[in-house]
Structure formats: structure tokens, C-alpha cells
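The values are calculated or read from the model by the stated rules, or taken from the named source; none is laboratory data. None of these values were measured; they are calculated from a predicted model. Cβ coordinates were reconstructed from backbone atoms using ideal geometry, including for glycine residues, and neighbour counts include every protein chain displayed.
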Amino acid sequence: MYVCIVVTSVVAQQKDLTSLMNADTITNFSAFQRSLSFAGVLQTRYVTSLSKDVDVNGKHFDPSATKGVTNTFLVKRARFMVKANINDHFSANILVNFADFNSDPTNKVLENAYIKYSLNKHFNVMAGQFRPFFGIEDALAVDIIRTLDFSNQYYAFGKNGWQSFQIGLSVLGDVTNNGKLRYFAGAYNGNNKTQPSDDNNTKNFYGRLEADIIAKDFTIAVNGGTGSLGASATGNAWGADATAKIDLSAKWHILLMAEYKSGTNFIAYNSSTLTPKPGIGQFRMQGFYIFPTLRYEYKRPRVRAIEFSSRYEYFDENYKLNSNIRQTLIPNISLIFADNFYAALQVGVAIDLYRKDVPLTTAYTNKLAYAQLQIRL
């Protein structure tokens, strides 16, 4: 069973006379609208392998040489977030994941650690460690997961410095006054989170544009970026995504998410022993997924909604030189006990299908059943 528990947020407001005054008459904005809030998420799960000689991490093992772990309880996330509004322009955000202490916490634990300056809705600056906005999964809240986990491409692109938690600078805001067109752009180290400094003298650059086609119910976006990792040459990544909400009736809704990305696989390039070594343009990863969710607004006192989903993903980590297509299907049922996923039980099966099974590795066809409980604070 997979259980996910999220911690309830608590808001502590600091009383200040300036917050009661008209902003046009204030002569000292030091504590105008100052506040402090806490939030968190606890995510626990039970998983069991449904495939012979495959452990809970999807790795094939030789039963004559070792006894793999085929079922276990896990604490996947135990996040705690602090947000401080210094005044109406400056804020700070710190997010840590205590579940990372279960294993080697080196370069883990600390996730968000950034300062944000908000001039207006058109211009905001984030500086520190954060997730560059390079796809749907970066734009969504880190504590809302509608299925087993993020996509395979999210983690692969994260390891290669294209997304997930990075250290740098980002600007974002609305392009139009009605907020239907938004921009995101920035520069960051590109060697992943909680690093003392960059691993080379170049920076990664990215940009993203989002547009609402039909109000907020249909959004399309494009992403692009350049960068490097370690001693690699400069590579690039790009992608496009779309989200939509379709109201079938007062209680039935369809939520759709779809995304495609292609990018340089720096890890494969840096570890390659081929002689002569191919150019960095030959080390490419690409993939897409579609994630439809059928939601029923049950609206009972103890069960607020039920969601039925099945994400399909196609991903190839090195499609030009060593292609091994991975297809993933995750049928899932979510029982939502509190609005906005503040408490949810999720049950499903993750099915991984590889074009070529590689014995004694994680590139091996497998099925994993899970149950998880998600609670937000």
C-alpha cells in the first residue's frame, strides 16, 4: 500500500500598524503586509513487485545470487516549507525533504531556498534554489501528485540539469494585462541542487511561454534552453505541453495533460567510452506523455472527489546511439478526502515495458502495485 500524508499549513501573521494604513500614505514599508506561513506534505506508500525476479526499484536480479526486496513500506516525501513575506515586494521560501535522510542525504534534503522580489504582476525575480519552469510538472505545486510520481522524463531531464531543483536566477510574470500570456526566463548553474558552486564556467539559460487559449481551461506552452554539465560541450533542450479542463456536467470533469520534450543527455555523453567519441549532438533523449483524469465531484462530508486516471508515457534516454524505448502505463484511482488534495488515498499499478530487456539492470520490463496516502498541511 502506498500512503501519502501531507502536513497542514499554519499561518502566523505579525501585527503591524503599517498593514492597516493606506499604501499611499506609508513612509516605511519595512513590515508592510509581513507574514509567516508553514506548510508541508508527508507521503508514505506500500509497493509490491508483480514481476518475477524484479525488486521494488524495478531492477532485475538473479535469485540464485541474491534475494531482492519485492515489497516494502516507504516514506517518499516528508516535506516542510516556510514562506516569509517581508513586505509587499520581498518574500523568501525554504523547502526541505526530511525523507531524504532515509538514504544518503548528500546534495539532497534542501529543495527550495530562494528570495522573491515582486514588483507587479508583470515582473517578478527569484534568486536562489528553485525549479526552473521547464514544463507542466515544474509549474504545478510540488506537494500535489495525482499518480504514483512525476514522469520518467522529468527525472531524466532533472539529472541532466534541465529541470527539477537548480540554483540560479529567474524572472517571470504576465505579458498581457489579462494574464492570458505569461513568460518565464532565467539562468542557473545546471549541476542540480544543493551544490556549493557551479561545476564549470558556463550557465544554463531557459525560457518558457504560456498562453490561455480558452480562459484558464486550455493552456499551451513552449520551452527552450541551452547549457552544459561538467566538462561537456554545450547542448540544448526544448519542448511543448498543453493542459485542459473539460466540464462534462456539474459533477463530472476531464483533466488533460500532455507534454513532449527533447534534450541533450549530458550524463550519457560524459560517461561515454566510445572511440572516437561522437559529438554531443548524438546524445539525445526524448519522450512524451499524455495524462487524462476523469474526476467525479462526490461532495460528501468525508469523501470530496474520486479521480480515475491512466498516464501513458513514451521515453527514450539515448535514442540516437543506444535506443531502448521505455513505455510506462499507470492506471490509478484516487479517493480525495479533503478538498485540494489535502488528504487522498491512491491505488494503482505502474507498468514498465522496455523494447530490450537488459538483465540485472532497471531497464527490465516490470509491474509494480502501489497504494499511497497523501495529506497536505
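Is it true that some residue in the range 162-176 is under 26 Å from Leu42 (Cα atoms) and of a type in the set (Asp, Glu)? Even if it seems obvious, please write down each step before you answer.
First, the residues of the range 162-176 that are under 26 Å from Leu42 (Cα atoms): 163-167.
Okay, now just the ones that are also of a type in the set (Asp, Glu), so none.
Taking every residue of the range 162-176 in turn, none turns out to be under 26 Å from Leu42 (Cα atoms) and of a type in the set (Asp, Glu).
Test Phe288 against the stated conditions and say whether it is in a strand (DSSP E or B), within 16 Å of Glu137 (Cβ to Cβ) and within 21 Å of the chain's Cα centre (by Cα). Talk me through it step by step, then tell me what you get.
Details: in a strand (DSSP E or B): yes; within 16 Å of Glu137 (Cβ to Cβ): yes; within 21 Å of the chain's Cα centre (by Cα): yes.
Taking the combined requirement at face value, the residue satisfies it.
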Report summary line: Here the residues within the range 203-242 that are surrounded by fewer than 17 Cβ atoms within 10 Å (Cβ to Cβ) and not in a strand (DSSP E or B) are Lys203, Ala215, Lys216, Asp217, Gly230, Ala231, Ala233, Thr234
Query raised in the report: Before we move on, is Lys116 over 24 Å from Asp316 (Cβ atoms), surrounded by 19 or more Cβ atoms within 10 Å (Cβ to Cβ), of a type in the set (D, E, K, R) and modelled with pLDDT of 95 or more?
Result: yes
Report task. Would you check which residues across the range 248-274 are assigned to a loop (DSSP other than H, G, I, E, B) and either surrounded by 21 or more Cβ atoms within 10 Å (Cβ to Cβ) or within 20 Å of the chain's Cα centre (by Cα) (or both) and list them? Result -> Asn265
Report task. Determine which member of the set Ala139, Ala156 is modelled with pLDDT of 95 or more, within 12 Å of the chain's Cα centre (by Cα), farther than 17 Å from Pro196 by Cα and of a type in the set (A, V, I, L, M). Result -> Ala156
Report summary line: Counting only residues that are among the hydroxyl-bearing types (Ser, Thr, Tyr) and outside any strand (DSSP E or B), the range 296-355 contains a total of 4
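Checking the conditions here, which among Lys277, Lys245 is in a strand (DSSP E or B), of a type in the set (Lys, Arg) and either surrounded by fewer than 19 Cβ atoms within 10 Å (Cβ to Cβ) or in contact with a His (Cβ under 6 Å, 6 or more places away or on another chain) (or both)?
Details: Lys277 fails: in a strand (DSSP E or B).
After ruling out the rest, the residue left standing is Lys245.
Here is a yes/no grid of residues against (1) touching a strand residue (DSSP E or B) at 6+ places or on another chain (Cβ under 8 Å); (2) small (Gly, Ala, Ser); (3) in contact (Cβ under 8 Å) with a residue 40 or more places away in the chain:
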residue: Val222; (1), (2), (3): yes, no, no
residue: Gly230; (1), (2), (3): no, yes, yes
residue: Ile267; (1), (2), (3): no, no, yes
residue: Ala305; (1), (2), (3): yes, yes, no
residue: Glu313; (1), (2), (3): yes, no, yes
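Being among the polar types (S, T, N, Q), surrounded by fewer than 16 Cβ atoms within 10 Å (Cβ to Cβ) and either touching a strand residue (DSSP E or B) at 6+ places or on another chain (Cβ under 7 Å) or not in a loop (DSSP other than H, G, I, E, B) (or both) is the filter here; which residues of the range 49-98 pass it?
First pass over the range 49-98, keeping only residues among the polar types (S, T, N, Q): 49, 51, 57, 64, 66, 70-72, 85, 87, 91, 93, 97.
Retained after the next criterion (residues that are surrounded by fewer than 16 Cβ atoms within 10 Å (Cβ to Cβ)): 57, 64, 66, 71-72.
Within the range 49-98, Asn71, Thr72 qualify.
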